[in-house]
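Nothing in this text is a laboratory measurement; each read-out follows from the coordinates by a stated rule. Here the structure is a predicted model, which is why all the values come from computation and not from measurement. As a convention, Cβ positions derive from the backbone with ideal geometry for all residues, glycine included, and neighbour counts pool all protein chains shown.
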Ligand code: DQA
């Protein structure tokens, strides 16, 4: 199976950014562990702080890959463009958040991704990504 994790803005700072909310592990450290755990899965990772680059990547992989794990970060709550891209592609998208966005500010309760996602996993820290990968296996 071919699965890609797509991370949005500020997630390149994982491990350094608000560790009380997002933990102290860097994404690279986490990603290496997960890749080792699922050797049969072709697992890729893409991160961008730029909305259009996230849309371009969704279009690129969205007709051939088996699964997309998407943490659009702050764009989750603002981007009609990313929401439309998720709707336009064929590959199922599982929306992921590290934190429980429903326990946080009201502006984090809205998502332009959820209506077109296969499912949503949030609040389990970095384990949210692993649960999303498992959902495709
Ligand atoms: C996040 C939650 C978003 O509200 C926030 O803007 C992020 C990270 C999460 O993974 O918990 O950057 O998507």
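If the chain between residue 21 and residue 33 were fully stretched, how many nm would it gain, using 0.36 nm times the residue separation less the Cα-Cα distance?
Values: separation 12, 0.36 × 12 = 4.32 nm, distance 2.07 nm.
Gain on stretching residue 21 to residue 33: 2.3 nm.
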(request) Could you calculate the contour length gain from residue 13 to residue 60, that is, 0.36 nm times the residue separation minus the distance between their Cα atoms, to one decimal place in nm? (result) 14.5 nm
(request) Return the whole-Å distance between the Cα centroid of segment 73-107 and the Cα centroid of segment 29-66. (result) 15 Å
(request) Would you mind checking the radius of gyration and Dmax of the chain based on alpha-carbon positions, in Å? (result) 13.7, 40
(request) For each of 84, 32, count neighbouring Cβ atoms within 10 Å of the residue's Cβ, then give the residues from fewest to most. (result) 32, 84
(request) Could you work out how far apart the two model spin labels at residue 74 and residue 131 are, taking each label as a point 7 Å from the Cα in the direction of the beta carbon, and quote it in nm? (result) 2.6 nm
